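What follows is calculated from the coordinates using simple rules that are stated; it is not laboratory data. It should be emphasised that the depicted structure is a prediction, and the values quoted were computed from it without experimental measurement. A quick note on method: Cβ atoms are made from the backbone with ideal geometry, for glycine too, and the neighbour counts reach across all protein chains shown.
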Amino acid sequence: MGRHDGKRMKPGAPRTDLREPTRRSALAAIAAAGGMMLTSPFAPHAGKAEAAPEAAFSEIAPGLFLRRGEQAEMDGENHGAIANIGFIVGQTSVAVIDTGATTRQGQALREAVQATGKPISHVIATHVHPDHCFGHGAFAEGFAAGTIANVGHHRLPRALAERGAYYLERLAAIAPEGSEARFIAPSMLVQETMTIDLGNRALRLTAWPAAHTDNDLTIHDLKTDTLWASDLVFNGRIPVLDGSLTGWLAALRALVELAPASLVPGHGEVGPPGPMLQRQRAYLEALASGVREAIAQGLTIDETVTRLADLGRRDWLLFDGSHGRNIVTAYTELEWE
């Protein structure tokens, strides 16, 4: 069934024509209320800063290096360096996982890899969001020469084509080096699963159905049993729903069954997967339950946002930046069940 401003829509009307006005109306209402900002993943009215923060990479497991992102929205002070990015070193080559928000962040990552003495064979983008893959310009020469494989989900090229220009505009607004950022669509596409070998180090790549986004890719380092889940898992800061709520819950159930020894979230500290997955599932399940109940009772999308405004507030960082949007996205999906 479909609703707009609390009224039942005519049977047979195209879904895409109904859902977007409903979403726009609700987003405008939330923004006007000011209680839950909809800036994801950019902070509002961000000022420009003069110098980019230094990137520091630490070894979190043998041969696996990470730059921890700041638990914040993207703004002029952090230059968009909010995501966990890094690389994995094999005997013969290195795979980079996400490149950050700007070319300078990508260059810092490339310089960190050079200290290993191994060439980069793969640059892997975990999904479309700019804090993860807009530093790809630092590797453009390798892509063009064919010495570095540019890897991503099979849906990532379309997502970049649809959103890339807007993300570049926002990056340029928050930091001086943001104007130098580039997005480069992958040429090696993962349809379902793919295994790459870095030399006595196999990485299993999985392209997920719609979950956090519709182009999420995970990397499982079989040598250390470490799963680089990226934004399929948030640790500390509130999860951001930009794909499918039901799909994300299904993905989390699959991750529980996979049971890796260690998990690298897209944001927050690395650790055992159990507590992270349990906490995130609890929030998303409560969100789904609350929205379904509101729909069953005939509440409009704006009324649902008001009812669920504090759901999980005490449990997450940066709550006001994303929770309202999560409700809207969940409603526009679940009203069609």
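The table for this structure:
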item: Point-charge dipole on Cβ atoms (K/R +1, D/E -1) for the range 99-239, about Cα centre, debye to 20; result: 100
item: Geometric extent, Cα atoms of the range 62-178 - Rg, Dmax (angstrom); result: 13.7, 41
item: Gain on full stretching of the segment that runs from residue 257 to residue 285 - 0.36 nm per residue minus C-alpha separation; result: 8.3 nm
item: Förster radius 41 Å - calculated FRET efficiency between residue 115 and residue 320 (Cβ-Cβ, nearest 0.05); result: 0.55
item: Estimated inter-spin distance, residue 309 and residue 197, nm [label 7 Å along Cα→Cβ]; result: 5.9
item: Dimensions (Å) - the range 200-277, Cα atoms, principal axes, largest first; result: 36, 24, 19
item: Within-14-Å neighbourhood charge of residue 226 [Cβ basis; K, R +1; D, E -1]; result: -1
item: Karplus 3J(HN,Hα) series, Hz, for the range 188-196 with 6.51 cos²θ - 1.76 cosθ + 1.60 (x for Gly, Pro); result: 9, 9, 8, 7, 10, 9, 8, 10, 10
item: Chain lengthening between residue 162 and residue 140 when straightened (0.36 nm per residue, less Cα-Cα); result: 5.9 nm
item: For residue 80, residues with placed amide H under 5 Å, excluding near neighbours; result: 75
item: HN-Hα J in Hz across the range 246-254 - Karplus 6.51, -1.76, 1.60, θ = phi - 60°, x for Gly and Pro; result: 5, x, 5, 4, 5, 5, 5, 4, 5
item: Ranked 256, 240, 123, criterion: other C-beta atoms within 10 Å, fewest first; result: 256, 240, 123
